[in-house]
1. For the range 36-49, does any single residue satisfy the condition of being in a strand (DSSP E or B), modelled with pLDDT under 95 and either over 14 Å from the mean Cα position of the chain (by Cα) or under 26 Å from N189 (Cα atoms) (or both)?
2. Considering each of A125, A168 in turn, give the residue that is aliphatic (A, V, I, L, M) and buried (at least 18 other Cβ atoms within 10 Å of the Cβ).
3. How many residues does the range 87-122 hold that are outside any strand (DSSP E or B) and more than 18 Å from K193 (Cα to Cα)?
4. Answer yes or no: is there a residue in the range 129-138 that is at negative phi, surrounded by 16 or more Cβ atoms within 10 Å (Cβ to Cβ) and among the hydrophobic types (A, V, I, L, M, F, W, C).
5. Looking at the range 174-181, can you tell me whether even one residue there is modelled with pLDDT of 95 or more, assigned to a strand (DSSP E or B), touching a helix residue (DSSP H, G or I) at 6+ places or on another chain (Cβ under 9 Å) and within 18 Å of K83 (Cβ to Cβ)?
6. I need a count of the residues in the range 152-206 that are touching a Lys or Arg at 6+ places or on another chain (Cβ under 6 Å) and basic (K, R).
7. For the range 85-103, which residues satisfy the criterion of being surrounded by 19 or more Cβ atoms within 10 Å (Cβ to Cβ) and closer than 14 Å to Q145 by Cα?
8. Across the range 67-79, what is the total count of residues that are surrounded by fewer than 19 Cβ atoms within 10 Å (Cβ to Cβ) and assigned to a strand (DSSP E or B)?
Amino acid sequence: MNLRANSLIILMLSVSYVFGQNNPSIDSLSTQEAGQIKYKHTLGSSFFMLGNFLADSPDYYLLTYGYRLNKKDRIFVEFNTWKYSEPLGEYEKSKEYYPGYVRAFGLGAGYQRFHWKGLFTTIQATPFIKQYYDTNNDKIQNGFQLYLQLIAGYRFEFFNKRWYVEPAYALKYWPVDTNYPADFAEIENGAPKYIFEPSLNFGFKF
């Protein structure tokens, strides 16, 4: 990962730590009365969207809607889009870049389990429609990708427990990735199909 990306991650983790000091415990789901959760719905996104202000913007956007089933269990759906011009996870370390770029649109679903205080694990699956573009920004063809994630992290809550930040680390794996144009496929050949990667999401409960 390049220096700017590393700096962004360090900054965002620091922010989450500072905010979390006021309220480090999710078990203060004492916003519950008689076993009922006060705020069952959430809307969230990712601090990594700040990367869109960098010169080499990934044009990355994420929006998540979640529903809290009980104190321990949460389900969610998530819209996700980004573009990239090298094999996933290379972060500008590729020897060769695509003769164009990929724009991906995904709509996924996941399950989040809280184990102790704010400690959680998440499993998620996102099918992506991929659009391949050449160097003239002309669309060549479509492809499909199945993107799986296994995530471990911690939720910090603040501002009367209405807002939260979730620093986490994830194993991301895409076992299905189809229909590359021939010149894209040559560059993709031999690239790994998984990566370990940090994340830093935030959200609002209502």
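The values are calculated or read from the model by the stated rules, or taken from the named source; none is laboratory data. These numbers come from a predicted model, not from an experiment. Counting neighbours? That spans all protein chains shown, and the Cβs are built from the backbone with ideal geometry, glycine included.
1. yes
2. The unique qualifying residue is A168.
3. 3
4. Checking the range 129-138: not a single residue is at negative phi, surrounded by 16 or more Cβ atoms within 10 Å (Cβ to Cβ) and among the hydrophobic types (A, V, I, L, M, F, W, C).
5. Scanning the range 174-181 turns up at least one residue that is modelled with pLDDT of 95 or more, assigned to a strand (DSSP E or B), touching a helix residue (DSSP H, G or I) at 6+ places or on another chain (Cβ under 9 Å) and within 18 Å of K83 (Cβ to Cβ).
6. So the answer is 2.
7. P87, L88, V102
8. To start, the set of residues in the range 67-79 that are surrounded by fewer than 19 Cβ atoms within 10 Å (Cβ to Cβ) comprises 67, 69-73, 75, 77, 79.
Narrowing the set further to residues that are assigned to a strand (DSSP E or B) leaves 67, 73, 75, 77, 79.
Of the residues in the range 67-79, 5 are surrounded by fewer than 19 Cβ atoms within 10 Å (Cβ to Cβ) and assigned to a strand (DSSP E or B).
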